[in-house]
Amino acid sequence: MKCIYCKSIYLSLIIIFFFFKDSKAQINSKEVDVSKFQAGVEVQWYPAGWLIGPVANCFISAKHILNFRAAINIADRHNWSGLNDDERGTGYGGSVGYRFLFTPAKNSFLIGARVDLFNTKIKWKNNIGSAQQTSGTTTTLVLQPSAELGYRIKLKNPKWNILITGGIGEEINIRTKGRDVGQGGMWLLSVSILHSL
């Protein structure tokens, strides 16, 4: 399963590279009027938690966007890791990513990839409710590469737009202090509200 996630991410990066190479194609200036910078907020759900925080888009050109995010990670992994009976915690971090808009002058599909880095503290429990119950805290540095497909909606007020995206990612514990805790593949769904500055 882990291999499938990795192959999907690599394939998405190859596709993005293909579109990035095509960035020299000219776009009619009458067709596109793009702000160079957008700021807003993003809420992202995955099966074991939520990522919430401010987000910013910097336009390289009308079709090519650098994406930045700072976020809090609120995790509730239950017993899904197979390592502990319960895992819950929070983390803080951020990400950098790239997005490609297919039709920047109007509502548009987009593809993208991002890499997150989170410092996460997980409280774990085992043998819950028994005399052998144990608990503790693990601190991890989590690398989270992901690929996404989405849709941008331009609102009536041209300074506002909404991005809805879905994708796949991988949580990789690159440094762990304490008992091993969960990592692995995940689905991601997010909604962003952005304002052009």
Accessible surface of His64 - all protein chains present, 1.4 Å probe, nearest 10 Å²
10 Å²
Largest first, what is the accessible-area ranking of Asp86, Asp180 with a 1.4 Å probe?
Asp180, Asp86
Gap in Å between the Cα centre of region 68-108 and the Cα centre of region 138-197?
3 Å
Could you please put Trp124, Trp187 in sequence from largest to smallest accessible area, using a 1.4 Å probe?
Trp187, Trp124
Sort Tyr151, Tyr98 from largest to smallest accessible area, using a 1.4 Å probe on the heavy atoms of the protein chains.
Tyr151, Tyr98
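Between Phe102 and Ile153, what is 0.36 nm times their sequence separation minus the Cα-Cα distance? Round to one decimal in nm.
17.1 nm
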With all protein chains present, how much of the accessible area of region 56-197 (probe radius 1.4 Å) comes from carbon and sulfur, to the nearest whole percent?
61 percent
Mind listing which trypsin sites (Lys or Arg not before Pro) in region 158-187 are in a DSSP loop and have 13 or fewer other Cβ atoms within 10 Å?
Lys159
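The values are calculated or read from the model by the stated rules, or taken from the named source; none is laboratory data. All values derive from a computational prediction rather than experimental measurement. Methodologically, a virtual Cβ is constructed for each residue, glycine included, from the backbone with ideal geometry; neighbour enumeration extends over all protein chains shown. Each accessible area value is taken on the protein alone, full model and side chains, heavy atoms only, with ligands, DNA and RNA left out. Shrake-Rupley method; radii C 1.70, N 1.55, O 1.52, S 1.80 Å.
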